[in-house]
Amino acid sequence: MGPGRLTPKEALAGLAARVVACRRCPRLVAWREEAARVKRAAFRDQEYWGRPVPGFGDPWARLMVLGLAPAAHGANRTGRMFTGDGPRGAGDFLMAALHRAGLASLPRSERRDDGLVLRGVYLTAVVRCAPPKNRPTREEIESCLPFLMEELRILRGLRAVLALGRVAFSGYLAALERMGVTVPRPRPRFSHGAVYELGEGVPALVASYHPSRQNTQTGRLTPEMFAEALARARKLAGL
């Protein structure tokens, strides 16, 4: 049952406390705290979270949705993954899709106390702090990977990972390798909708473009395209 005798819920709570307290990467610490001080004009009366953001979702999840990192004025403000990005942000795009699929109780993700419940799904990211220009360095990604590795160990019901973007895709494979899993050769390549089954007992990998404003507003990623990738991940997860 997860590490030691803890239930997955208890183990995730302990991990969340360690994530929130992390100050490993000086550049990310400075940026996330600066964003929380300066604030965006629309949120100037709100108190920002301004700390690393832990994962969120069902402790018995069969599907992990893996993103890049918190947005400076989204999850870095609200303290919950894919939450508070605004009506055209990645969080609302993702939550609308999960709600249509019956995996989320609400079609929008606005704040930590909005009552949102995820069913069979766990949301997390390769990097837990908002990075400048949404671009973490390789060293920052590697420094954060142990948190993802621990989530993969705790979520023992996990059957599939839906990776949002190339960094998440590569990050998941890197986490598996650091956990001693042999990744197939030739190495899986990122392509929207691609599916990779990685061996017995290893959560399968499904790739999707990230639902960023840039991708969704230019039509690179449409709701229909994302729904198809999500459907493939749901099938592999048995949801």
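The values are calculated or read from the model by the stated rules, or taken from the named source; none is laboratory data. Note that the coordinates shown come from a computational prediction; the quantities given were computed from them, not determined experimentally. Using ideal geometry, Cβ is built from the backbone for each residue, glycine included, and neighbour counts are taken over all protein chains shown.
A few notes on this one:
- Search result, residues across the stretch 164-218 that are more than 20 Å from the chain's Cα centre (by Cα), of a type in the set (Lys, Arg) and under 22 Å from residue 139 (Cβ atoms): 187
- Any hit, the stretch 219-227, residues being part of a helix (DSSP H, G or I), under 18 Å from the mean Cα position of the chain (by Cα) and within 26 Å of residue 93 (Cα to Cα): yes
- In the stretch 25-142, counting only helices (runs of 4 or more DSSP H) that sit wholly within it, the ones holding 3 or more residues that are more than 14 Å from the chain's Cα centre (by Cα) span 26-38, 90-100.
- Single residue of the stretch 200-226 satisfying the filter (surrounded by 13 or more Cβ atoms within 10 Å (Cβ to Cβ) and of a type in the set (Gly, Ala, Ser)) that is nearest to residue 85 (Cα to Cα): 212
- Annotation note: of 45, 58, 92, the sole residue that is crowded, with 19+ Cβ neighbours inside 10 Å, of a type in the set (Asp, Glu) and modelled with pLDDT under 95 is 92.
- When the stretch 32-74 is filtered for residues that are in contact with a strand residue (DSSP E or B) (Cβ under 8 Å, 6 or more places away or on another chain) and among the aliphatic types (A, V, I, L, M), the ones remaining, listed by number, are 53, 61, 63, 64, 65, 66, 68, 69.
- Residue 162 falls short on exactly one of the conditions (1) in a strand (DSSP E or B); (2) under 20 Å from residue 11 (Cβ atoms), and that condition is (2).
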